[in-house]
Structure formats: C-alpha cells, structure tokens
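J.: Attaching a single structure in structure tokens format; questions to follow.
Values quoted throughout were computed directly from the atomic coordinates according to the rules given, and no laboratory measurement underlies them. Just so it is clear, the model here is predicted, and its values are computed rather than measured. Using ideal geometry, Cβ is built from the backbone for each residue, glycine included, and neighbour counts are taken over all protein chains shown.
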Amino acid sequence: MKHFLKETDLGPGELGKVFSLARELKRGRGRHSAPVLAGQTWALIFAKSSTRTRVSFEVGIHELGGHALYLNRNDIQLGRGESIEDTARVLSRLVHGIVIRTFEQSEVERLAAAAAVPVVNGLTDFLHPCQIYADAFTAAERWAGPGGDLVASLRGRKIAFLGDTCFNMANSWILGASLFGMRISLAGPKGFEPGAQIRAQLNAEGRAADFKFTTDPHEAVSGADIVYTDVWTSMGKEEESEGRAARMRPYAVTAGLFAAAKPDALFMHCLPAHPGHEVEQAVLDNPRSVVFDEAENRLHVQKAILAVLSEARGG
C-alpha cells in the first residue's frame, strides 16, 4: 500500500508526476473535471485545528469526484481510547483513504501500518510534507515557467529558514531539500537547531545531510533563493510563547534581512503569519512574497498526490 507520510515517500519520478499533474489540474480548474476519486470517500481525522489543510483537502477531494468525511479526533472512538490500529482497521473497511492531522509522527505511522487504504500525513509535530510539496511547487512555477521542467528548476537552489529550526516545517524542508536537490541553511537561537529525530531520519534513508545551522541570520540568508519563516510558537507550545518571542526576535524577517538574499529571492511562509513577530508586514506585502500562492497550491498539489496514491492503489 502506498502512503504519503513524509516527503521522501514519493521518489524523484513520482515527484515529477505530482508536480506535472498539479500544474495541469491548476490550469484546468473550472474548465473540466478529473474525477479520479469518483465514488470514493476519504476520511479526514483532525486532532489539530486547521484552515488551509482542512479546506484544501475537502475542496480537492470534492473536485476529484470524491466525498470528504471530516472526523474530529475527539468525536470518534479514537478520542475515547480506541487504538490507532483498530481505528485504521475499521476505517479501511468503510473508506477509500485517510488524511490525518495530529501531534505525533508515530501515530501517523501506526495508522498507516494497520490501514488497508492510503494514508496521507496532513501535519504532525515532526513533518508537514503536503505543505513542503506545495511550497516547492510554488517556487518551481516561478523558476521553470509555463512549460519548463518543474523538478529540475529546484536543483542547486538555496533556501534559508529562520526561527524555530527544530520543529515540523524546518524538518520537512531539510528532508524535502534532500529530495529536491536543494541546499538549506537554517538560522535560529542556540537550543533550537535541528534535532536528533530529523538526523536519524536522514541516516535511516541514507541521505546526505546537506544543511547548515547557524546563529547568524545574515549568514543563512546570504545567496538564498528562498527566505522562509514560520510562527515562533507552534500549536501545543503556547505556554512557551513569551520566552520564545524574546529569543527568536533577532531572526525576524525584516525588509533589511530579506534584502540580504538574492535580488530575485522569494519570501515564503506557510501561514498563518503574525506581522511584527516572525516577519514584517512590508515583507509580506513585497511583490516577491508568494505566501498566498503557497496557500492556493496546497489544493492543486494535494489533488495530484491523492490522484497518484489512488492510481497506485488501482483505482
């Protein structure tokens, strides 16, 4: 069974297929339908609140001809102590696929191990692969042009990630960059550098760790094609917000810091953003800010991922 739990679950060939299909689906939206999920129902298990992930998956499944069944974790038996494995076994007999947005990566992996249908990681504290694919696709659209090779356009590019570099978005970019052929430089305070879990993942896959951590934001941004940041306090860490803000402030993406990247560098943020904290409003408003393109492309890329997984399953 083919699942999408982390960026590298799809190989380079499948990545190219996802990107090409996403471009095709985006161009054709509103003019024709591609009902590859016709007659299918996909369960969306959410343990965390969401705007972009929930809406993009619900709309995407609908546009592919399927039905999305939203399941708040606290409203199903999983929230009352049923095992993840039993939930997977039951749902596998009722639905055609599962998207799960939760805290622990191990929960996603356990669900997939017991499921007889495709499982998609909609976000964990460790990884956010759907977001990274949408981000990479957004950059590739700009660099490859209307008919160019989207995947090839990413190779050799540099991304600078600033702020909390030991949480899901940084981890996903580290892993994703190894697949895309990109270099990544991360900048944050001491104690927030990439952790053992992402290093262990890279080692387990035999991937070269082509990333660099520094406490100097200007060093990270120098020569970057993408400047990326995320909120300083992720869901579940709210009690740390005040202390984190004080330590993260030197890593806020200001107009001055953004100017230290390449002249045509893109600014990215997975949203929601907090202007005046991790990024200045002037940077969000910059013509090279593509934050809303990223948000839109969640829809097109996820539709392509679902189509590829459904095809791999045999319909």
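J.: Determine the distance separating the Cα centre of the stretch 74-126 from the Cα centre of the stretch 281-315; give it in Å without decimals.
T.: Using only Cα atoms, the two centres lie 23 Å from each other.
J.: Right, another one. Run the quick spin-label model on Glu14 and Glu242: label points 7 Å from Cα toward the beta carbon, then report their separation in nm to one decimal.
T.: Result: 4.6 nm between the two label points.
J.: Still on this structure, I have one more. Could you check how many percent of all C-alpha pairs in the chain are farther apart than 31 Å?
T.: Of the Cα pairs, 28 percent sit more than 31 Å apart.
J.: What order do you get for Leu284, Leu44 when you list them from fewest to most C-beta neighbours inside 10 Å?
T.: Neighbour counts put them in this order, fewest first: Leu284, Leu44.
J.: What FRET efficiency would be calculated for the residue pair Phe103, Ala282, taking the C-beta separation as r and a Förster radius of 45 Å, to the nearest 0.05?
T.: 0.85
J.: Out of the stretch 46-78, which chymotrypsin sites (Phe, Trp or Tyr not before Pro) are coil in DSSP terms and have no more than 13 other C-beta atoms within 10 Å?
T.: none
J.: So how much slack lies between Asn72 and Phe292, counting 0.36 nm per residue of separation and subtracting their Cα-Cα distance, in nm?
T.: 76.6 nm
J.: May I ask you to derive the FRET efficiency for Ala200 and Ala113 from their Cβ-Cβ distance with R0 = 30 Å, giving the value to the nearest 0.05?
T.: Taking R0 as 30 Å, the efficiency between Ala200 and Ala113 is 0.95.
J.: A follow-up question, please. Fully extended, how many nm does the chain gain between Lys212 and Glu311 (0.36 nm per residue separation, minus their Cα-Cα distance)?
T.: So the extension gain works out to 31.9 nm.
J.: Which angle between 0 and 90 degrees, to the nearest 10, do you get for helix 291-313 versus the longest principal axis of the chain when only C-alpha atoms count?
T.: Around 40 degrees separate the two axes.
J.: Lysine pairs, Cα distance under 20 Å, 8 or more residues apart or cross-chain: how many in the stretch 132-289?
T.: 5
J.: Within 10 Å, Cβ to Cβ, of Thr165, how many net charges do the neighbouring residues add up to if Lys/Arg are +1 and Asp/Glu are -1?
T.: Once positives and negatives cancel, what remains is -3.
J.: Arranged by the count of other C-beta atoms within 10 angstrom, fewest first, what order do Asp9, Asp264 take?
T.: Asp264, Asp9
J.: Taking the beta-carbon count within 10 Å as an exposure proxy, list Trp173, Trp143 from fewest neighbours to most.
T.: Trp143, Trp173
J.: Suppose the chain between Asp264 and Arg249 were pulled fully straight at 0.36 nm per residue; how much longer would it get relative to their current alpha carbon spacing?
T.: Here the segment from Asp264 to Arg249 would lengthen by 2.9 nm.
J.: Could you work out [θ]222 nm for the chain from helices alone, using -39500 (n - 2.57) per DSSP H run of at least four and dividing by all its residues? Round to the nearest 500 deg cm²/dmol.
T.: Rounded to the nearest 500, it is -12500 deg cm²/dmol.
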